[in-house]
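Novice: Dropping a structure here in structure tokens format, bear with me for questions.
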Amino acid sequence: MEKYIALLRGINISGKNKVSMPLLKIAFEDVGFLDVSTYINSGNVLFSSDISDKDKIINRCKAIIEERFMISVPVAIISLKELSEALNNAPKWWDIKSDKEVIHQAIFLISPITVKEVYKAVGDAKPEYEQVDYYKNIIFWSAPRVTLSKTRWYKIASSSVNNNVTIRNASTTKKLLLLSNE
């Protein structure tokens, strides 16, 4: 039995794609996932499964969301082991707690897109304003709040790969790992 996190893209944002977290939890349980819990309203579902094929898990998640909530949303799946390994290999500059004026985000890729494709679509980081690095299928990004509008990667939402990524801030990302270990 493996622990996973489903990261749903684009739900409960500006009143669109509304999904109740308690009902989402029930939906995941109804398709056979175990130890299901959700974290905050942005579509983070923690669960256990004996299915090891991520594509099968993604398809099962997408199908139940479409059936129960009548919406189609991209879903990224990451195992607890993968998230732990990625955070252990995050760049040293990512999520430095001493500077509250810097935004730190983890950009999760939604299969089948690759890191190379995302980098090509978004472009090179502007080192004077932002830092970008990756570990496997997670891209780590940080930038000072004061210069956000000057960064390239902050504008990922308006890029051609927008529907192929889902973004969580550092606090949420780390909390998901913590909750998965409980």
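Novice: Which of the numbered conditions does Ser171 fail, given that it passes all the others? Conditions: (1) over 21 Å from Ser79 (Cβ atoms); (2) open to solvent by 40 Å² or more (accessible area, probe 1.4 Å); (3) among the small types (Gly, Ala, Ser).
Specialist: (1)
Novice: Right, another one. If Thr151 satisfies all but one of (1) under 21 Å from Asp95 (Cβ atoms); (2) under 18 Å from the mean Cα position of the chain (by Cα); (3) of a type in the set (S, T, N, Q), what's the number of the condition it fails?
Specialist: (2)
Novice: In the stretch 68-96, which residues are without any contact (Cβ under 8 Å) to a residue 40 or more places away in the chain and in contact with a helix residue (DSSP H, G or I) (Cβ under 9 Å, 6 or more places away or on another chain)?
Specialist: Ser72
Novice: Restricting attention to the stretch 63-80, which residues are over 17 Å from the mean Cα position of the chain (by Cα) and of a type in the set (Gly, Ala, Ser)?
Specialist: Within the stretch 63-80, Ala63 is the sole residue that qualifies.
Novice: Further, regarding this structure: Collect the residues in the stretch 4-20 that are assigned to a strand (DSSP E or B) and either modelled with pLDDT of 95 or more or of a type in the set (A, V, I, L, M, F, W, C) (or both), keeping them in residue-number order.
Specialist: Residues satisfying the conditions are Tyr4, Ile5, Ala6, Leu7, Leu8, Ile13.
Novice: Within the stretch 121-155, can you find the residues that are open to solvent by 60 Å² or more (accessible area, probe 1.4 Å) and not in a loop (DSSP other than H, G, I, E, B)?
Specialist: Gln131, Asp133, Tyr134, Arg145, Val146, Ser149, Lys150, Tyr154, Lys155
Novice: Restricting the search to the stretch 82-117, which residues are over 18 Å from Asn44 (Cβ atoms) and among the aliphatic types (A, V, I, L, M)?
Specialist: Ala90, Ile96, Val102, Ile103, Ile113, Val115
Novice: In addition: Show the residue pairs that are 6+ apart or on different chains and have beta-carbon atoms under 9 Å apart, the first residue being within the stretch 166-182 and farther than 27 Å from Thr114 by Cβ, the second being polar (S, T, N, Q) and open to solvent by 30 Å² or more (accessible area, probe 1.4 Å).
Specialist: Every condition considered, the pairs that remain are Leu179/Ser37; Asn181/Ser84; Glu182/Ser37.
Novice: OK, next. Can you tell me how many residues in the stretch 144-165 are in contact (Cβ under 8 Å) with a residue 24 or more places away in the chain, out of contact with any Phe, Trp or Tyr (no Cβ under 6 Å at 6 or more places or on another chain) and over 27 Å from Asn59 (Cβ atoms)?
Specialist: 6
Novice: Shifting gears a bit: Which of the strands (runs of 3 or more DSSP E) contained wholly in the stretch 21-120 include at least 2 residues that are under 15 Å from Ser171 (Cα atoms) and open to solvent by less than 10 Å² (accessible area, probe 1.4 Å)?
Specialist: Result: 102-109.
The values are calculated or read from the model by the stated rules, or taken from the named source; none is laboratory data. What you see is a predicted model, and the numbers here were worked out from it, not measured in a lab. All Cβ positions, glycine included, derive from the backbone under ideal geometry; neighbour counts span all protein chains shown. The area values use the complete protein model at the heavy-atom level, side chains included, leaving out ligands, DNA and RNA. Shrake-Rupley method; radii C 1.70, N 1.55, O 1.52, S 1.80 Å.
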